[in-house]
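Below is one structure, written out as structure tokens, with a few remarks after it.
The values are calculated or read from the model by the stated rules, or taken from the named source; none is laboratory data. Predicted model only: the values in this text are computed from it and were never measured. Quick reminder, even Gly has a Cβ in these numbers, built from the backbone with ideal geometry, and neighbours come from all protein chains shown. In case anyone asks, the SASA skips ligands and DNA or RNA and just uses the protein heavy atoms, side chains included. Shrake-Rupley method; radii C 1.70, N 1.55, O 1.52, S 1.80 Å.
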Amino acid sequence: MNIQLNGRAIRTEAKTLSELLIEQQIDAACVASAFNGQFVPKSQYSNQTLEEGCQLEVLSPMQGG
């Protein structure tokens, strides 16, 4: 399926957000995610199903001052 990940089009075989993070080699413990503009709690990553054309933002928190 084709989706948007952080503003770029990708093709994935992943069915859930959790599977996508593994596929993309992203450490789920170190990111915050949004599905079609809605925040997804880490506890829901394995339940959040992906759909054709969906938009995902996966961001790493930054520290600084």
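Just one of (1) open to solvent by 20 Å² or more (accessible area, probe 1.4 Å); (2) more than 11 Å from the chain's Cα centre (by Cα) trips up Thr12, so point out which.
If we test Thr12 against (1) open to solvent by 20 Å² or more (accessible area, probe 1.4 Å); (2) more than 11 Å from the chain's Cα centre (by Cα), just (1) comes out false.
Residues are listed down the side, and each one gets a yes or a no for (1) touching a helix residue (DSSP H, G or I) at 6+ places or on another chain (Cβ under 6 Å); (2) open to solvent by 20 Å² or more (accessible area, probe 1.4 Å); (3) at negative phi:
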position	(1), (2), (3)
Asn6	no, yes, no
Leu17	no, no, yes
Leu20	no, no, yes
Ala28	yes, yes, yes
Gln38	no, yes, yes
Gln48	yes, yes, yes
Cys54	no, no, yes
Glu57	no, yes, yes
